[in-house]
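Peer 1: Following this message is one structure expressed as C-alpha cells.
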Amino acid sequence: MVTTKGFGISKHVTHSNLPNELACYIKLHAPVQVDELTRNKLWEAVQEICDFFYIYDLSNPNPIYKEVLSLSKVTSIFPKNRIEMSEDTMKKYGLKDNSYIWICNSHNGRIRKGKVKCVQEDFQGIRIISGILEELQNSKNERNYIWIQQCRQIGNTNKIQAQTVNKVSNNIITLSRDLYEKLGDCEFVTFVNETTGSFFDISRNQIEMSQGEDSNTVKLNYLYRQFVDLEVPVMIEPYHVQKIISHENLTESDRAFIEKTYGNRRVLQDVSFENKQNIRKILKKVDYFRVTMYPYKSSRLELKKQVSKRKRIWHFILKRLIDYNSASLRVVRPYVTDESTNVVRMTTTMLKMLGLENTDNVVITYRSRQVVARALEVDADSFEKIQNNNTMASQTEMEYSIGIPTHIRSQLDMEHIHCVCSVRRDMNYIFKKHAHLQVVPTIGIFFTVFQTFKDPLLRMAITAIGLLTALYVSFTVERNKISN
C-alpha cells in the first residue's frame, strides 16, 4: 500500500487493485443504459487512469512546480521528448541538462515524461516539443501552465568500477546494496550520462546486488561504459564544453586542450592513446565520469500488446529447434538510401555472431516494443557512408552499433539515435527459409508410418516423433552458427 503525493492525488491505492476498484465504482454508479460511444469513452478514460497509476512513480519524493508554458518553438526536434529551459529556470528547480522530468497538463491531468535541454537564451517558462504537446492535448495557441516534477532517481554516482569477469559474459550490472534497494518494482533501469546525454536501458533481471561493495557503487562492463561515454566522449555539446573549461580545478593548459579537442562541436577521430589518457585525466578533475540512474516502467497498454499464449508456445518450440543469440547495440543513422526502406545495417562480424546471413530478418527490441526488419551488412569500404551521417570516432564504434531508419525508430518509440536496443535473428524467418528442405523427409515419414503401423494412435505418436526429430536434425547447421 502506498500513498500518492504527486499531481494532487491523495487516495490510498495500489497498482494491482486500482483497475478493479474503478470497474466496481463504474458498475455501481454509472447509468445503466449508455450508448456505445459513451461506454467506449468511459472505458478509455479508465484505461488511461490505470495507465497513469502504473507508469507514474508513486514514491517520487521530488517537489512539484507550476511553470508557464512558452508559446515559442523549440530550437531542435531532437530528442522527441525535448523540454527546453533556460539555465536560470533549470537552477530554480534544481535540474540539469539531460535530466528527466514528468510534465502534466494542468487542465486535463495528462502526464508524459520529457528530457530537459538547456538553451542559451533568456526566456520565461518552458518550451515543449510539439509531439508531447499533442499527447498532452494542450492547445499550442493558448498560454497556460504546466506542472513539472523531476523523475525519481535511483542514484547519481561517480563510483563506477569495471565488472568482474564472471559477470561480463551475461551482461550483468552490479549495484551496491543501497542502490539495489531503491529499484522498487521497475522493469528497466536507465543509465544516463548527463554531460553528453547518452544513455541505455537494462532489464531489471540483468541487475544484481553486490554484497561487499562500498555504498553508491556501480559495476559496468566495457561495452556499457562505451554506451554512456564513460571511456572517452566522441563529442561534447558547446554548453558543457564551456562548463568544463570554466571549472576551477583546471589549469590554463587543460582549458586550452579541451577547447582544441571539443570546441565548435569537434568530433574526435583517430585519437592517440596518449591523448586519450590526457582527456581522461582532465575530465576526471571536473567529475565527468558520473552516471544517473532512473527507474522505468512500460505503459500498461503496451504490456497488453504482448504475444498470445499460442505464439509463446511456438516461440518455445523454435527456441529448441533453432535458438538465437542476442546483442545490445547502439542505434545510429543508416545509409541515406535506407531511410525509406525496412533495412537495418550491421557489420559483417555482428551478423556472423548473431548467426545471420546478409538479407536475413532480425527482431529489434526496445523496452516493451518489437519490430522485424531486414539486416544488411556494412562492409569496410562503405563505412564512410555511415560516418558521414553520425558522430563516430572510428570504425571500431560500428562494431557495437546498428543503423536504423527513422520510421523504424519511431515504431520503437525511441527518443533519438544512440538509444541501445536488443537485436536477435528472426526464428520464424529462419524456419520459413528452410521449409523447402522439410518436404521430402515429411513425405517419407508419412508413407513409412502408414504402411508399417495400423493403430491410429501409434501412427500419430510415431509421426510426431519422426517429424520433430527430422526438424531438429535439419536445423543443426543453424544452431551451430551460434554455438560455442
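Peer 1: What's the FRET efficiency of Asn480 with Glu274 using the Cβ-Cβ distance as r and R₀ = 45 Å, to the nearest 0.05? Could the numbers behind the result be given before it?
Peer 2: Numbers: r = 44 Å, r/R0 = 0.97.
With R0 = 45 Å, the Cβ-Cβ based efficiency is 0.55.
Peer 1: Going toward the positive end of the dipole of the chain, with +1 on Lys and Arg Cβ and -1 on Asp and Glu Cβ, which of Ser401, Ser368, Leu268 do you reach last?
Peer 2: My answer, from the dipole projection, is Ser368.
Peer 1: May I pose another question? Name the shape class, rounded, prolate or oblate, that the alpha-carbon gyration tensor gives for region 76-132, where a ≥ b ≥ c are the square roots of its eigenvalues, rounded holds for a/c under 1.5, and otherwise prolate holds if a/b is larger than b/c and oblate otherwise. Intermediate values should be presented prior to the final figure.
Peer 2: Details: a/c = 1.67, a/b = 1.37, b/c = 1.22.
In terms of gyration-tensor shape, prolate.
Peer 1: If you don't mind, there's one more thing I want to ask. Send over the per residue convex hull volume for region 223-323, Cα only, as a whole number of Å³.
Peer 2: Numbers: hull volume 18.3 nm³, N = 101.
Hull volume normalised by residue count: 181 Å³.
Peer 1: Along the charge dipole of the chain, pointing to its positive end and built from +1/-1 on Cβ of Lys, Arg, Asp and Glu, which listed residue (His418, Pro238, Ala470) has its Cα farthest out?
Peer 2: Of the listed residues, the answer is Ala470.
Peer 1: Return one whole number: the accessible area per residue of the chain in Å², for a 1.4 Å probe.
Peer 2: Numbers: 25670 Å² over 484 residues.
Result: 53 Å² of accessible area for each residue.
Peer 1: FRET efficiency for Val440 and Met235, Cβ-Cβ distance as r, R0 = 60 Å, nearest 0.05?
Peer 2: Working: r = 57 Å, r/R0 = 0.95.
That gives a FRET efficiency of 0.60.
Peer 1: Continuing with this model, one more query. Rounded, prolate or oblate for the chain? Axes are the square roots of the Cα gyration tensor eigenvalues, ordered a ≥ b ≥ c, and the cut-off for rounded is a/c under 1.5. Don't jump to the answer; show the numbers that get you there.
Peer 2: Working: a/c = 1.99, a/b = 1.26, b/c = 1.58.
Oblate is the answer for the chain, as a/c is 1.5 or above yet b/c matches or exceeds a/b.
Peer 1: Moving on to the next point. If you roll a 1.4 Å probe over the chain with all protein chains in place, what percent of the accessible area is carbon or sulfur? Before the final figure, lay out the partial values.
Peer 2: Numbers: 13710 of 25670 Å².
Percent of accessible area from carbon and sulfur atoms in the chain: 53.
Peer 1: In addition: Nothing charged except the Cβ atoms of Lys and Arg (+1) and of Asp and Glu (-1): what's the magnitude of the dipole of the chain about its Cα centre? Round to the nearest 20 debye.
Peer 2: On the way: 66 positive and 53 negative charges, 237 e Å.
The calculated dipole for the chain is roughly 1140 debye.
Peer 1: How do 188-199, 81-92, 55-66 rank on mean C-beta neighbours within 10 Å, highest first? It would help to have the intermediate numbers written out before the result.
Peer 2: Numbers: 188-199: 21.7, 81-92: 18.8, 55-66: 15.9.
My ranking of the peptides, most packed first, is 188-199, 81-92, 55-66.
The values are calculated or read from the model by the stated rules, or taken from the named source; none is laboratory data. Source: prediction; values computed, not measured. We place every Cβ from the backbone using ideal geometry, glycine too, and count neighbours over all the protein chains shown. Heads up: the accessible areas ignore ligands, DNA and RNA and are worked out on the full protein's heavy atoms, side chains in. Shrake-Rupley method; radii C 1.70, N 1.55, O 1.52, S 1.80 Å.
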